[in-house]
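A short write-up of the structure that comes next.
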Amino acid sequence: MKFSYKILLCSIITMAVSFGIGGYFFVNDVFKASLEREIGQAADDSSILKFAFETAALNIPSKYDMLQNGVVEEIGANLENRGQGTKRLLRLSDENREFLYASEGFVGDTALLARIGEQTRAYQIIHPDEHYYIQTGVMVDALDRMLYLETMRDVTEVYAERTRGFTVYRSLMLLLLVLSSVFLYFISYWLTRPIRLLTRAARKMTEGDYSYRAEQVSSDEMGQLTRDFNHMSRVVEENIHKLEDEIRAREDFIAAFSHELKTPLTAVIGYADLLRSRKLDDEKHFLSANYIYTEGKRLEAMSLRLLDIIVTRRYRLEPQETNAKALSVYLRDMYAEKKEYQFLYDCESCRICVEVDLIKNVLLNLTDNACKASEPGSVIEITGTKKEDGYLFAVKDHGMGIPEEEIRKITEAFYMVDKSRSRSHNGAGLGLALCSEILKLHGSELMIESTPDVGSCFSFLLPVWEGKKDGTDE
């Protein structure tokens, strides 16, 4: 069953029960008030009849020492005749509660008669046939005789009004329930609209449309739920895109890795087959063996780089205190024999907190990339500057530069801006990927500024050693 129908059904049941209970008490309260009014009037009539009977008994001639039964019947008949049109019946009984006079149709039992006392007024409601009566009883003192006077007052109309009241109320309640049901249907439909919109959005997401958003139609709790659902949808969409990008990157990685393996392996297999199947002169034999050696070293370097990347991602950093200028000196020594480029070093002395071997690897990769991107004789600048939030290393070249749309991709494994140029230098596009992973371990990142045909600048910020406030070497 739909939620809107559940709301409608619960509301109708609640209204029906409320109307039923309320109507019962309302009609019954009106009935009780009418019945009490009739009981009061019956009691007043009984008192009036008692007074009238006693008065009539006093007017009897004095020749009677005692009120005779015949006189009692005569007085009873006179009292009944005076009350014609009032739907009142009466009955008179003697001291032994034997009936002396009774109106025609008086069907009251003797239970009430037994309860009448000198100071007691009694009444009861009886239902001998299709009519309802209020039966009252009182003692009458007439000429030394104690008689019993009973009356019956027809109150059938009061009960009939109660029945009519219930009938009218039931009809009115049914009409109100029908009208309320129509009104509540639209209310429940309106209240559950956000749920339907959320359901539609969830269905769209299950079909793969992660960009679909539920329409927010209110600012209450359902509106908040819609906002939270849309926020969840955005997060799910972002995660899906990330997963898709990761899957695509892995596929590209496998494709690039296979391609990088295929090229040197093809050459190695070809030249090895040439050496095996033919007898070559010394020069060709040397060239073939040298090509096999060169391509083998390239495969070895690529394997080591891949291993470094994998190990770095699982590496647990153990930073040490060192002087940034010492890293500059190490770099100068490594490239001292590389005369085809002009290296300029300008690094301030400062204590930094790093994994020394890993940062050396980063600087060597960045400097090596700068050499590959530059023509012989070009200037390559290695600088180190102390900043407020750390120590900034930068490697700048004046080579071919990198297009803006390529900058965000160059830290991906096997990605090369100029593949032919990189392969000519035995590159495989793994150096910057390794640098990026190492810098992540240090809470840093590789910052790249580049202009095609002008040059590039690769920089990264490292934490300063907190033990030295002045940051200088002793």
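Summary of values
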read-out	value
Gain upon complete extension [residue 227, residue 107; 0.36 nm per residue less C-alpha separation]	35.4 nm
Separation of the residue 59 and residue 409 label points, Cα + 7 Å toward Cβ, nm	13.0
Whole-Å distance, taken between Cα centres, linking segment 87-105 and segment 367-395	131
Label-reachable residues, segment 122-138, where backbone N falls under 20 Å from a point 7 Å from residue 167's Cα toward its Cβ	129-133
Mean separation of Cα contacts under 8 Å (6+ apart) over length of segment 98-232, as relative contact order %	12
Out-of-range pairs (alpha-carbon distance over 18 Å; input 325/387; 409/440; 339/360; 325/372; 6/204; 338/372)	339/360; 325/372; 6/204
Solvent-accessible area per residue, Å², over the chain with all protein chains present [probe radius 1.4 Å]	60
Contact order relative to length of the chain, as percent, for alpha carbon pairs under 8 angstrom and 6 or more apart	10
Relative packing of 331-338, 146-153, which averages over residues the other C-beta atoms within 10 Å, highest first	146-153, 331-338
Fraction of accessible area attributable to carbon and sulfur, the chain (%, probe 1.4 Å)	54
Gain on full stretching of the segment that runs from residue 237 to residue 387 - 0.36 nm per residue minus C-alpha separation	50.1 nm
Estimated [θ] at 222 nm from DSSP helical runs (n ≥ 4, -39500 (n - 2.57)) normalised by residues in the chain, nearest 500	-19500 deg cm²/dmol
Shape category assigned to the chain from the gyration tensor of Cα positions, a/c cut at 1.5	prolate
Sites residue 247 and residue 340, calculated FRET efficiency, Cβ-Cβ separation with R0 45 Å, nearest 0.05	0.60
Added length on full extension, which subtracts the Cα-Cα distance from 0.36 nm per residue, residue 303 to residue 154	42.1 nm
Estimated FRET transfer efficiency (residue 348, residue 210; beta-carbon r; R0 56 Å; 0.05)	0.70
Estimated FRET transfer efficiency when R0 is 35 angstrom, pair residue 47-residue 21 (beta carbons, to 0.05)	0.35
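The values are calculated or read from the model by the stated rules, or taken from the named source; none is laboratory data. Model, not experiment: these values are computed from the prediction. Virtual Cβ from ideal backbone geometry, glycine too; neighbours counted across all protein chains shown. Note: areas computed on protein heavy atoms with side chains; ligands, DNA, RNA excluded. Shrake-Rupley method; radii C 1.70, N 1.55, O 1.52, S 1.80 Å.
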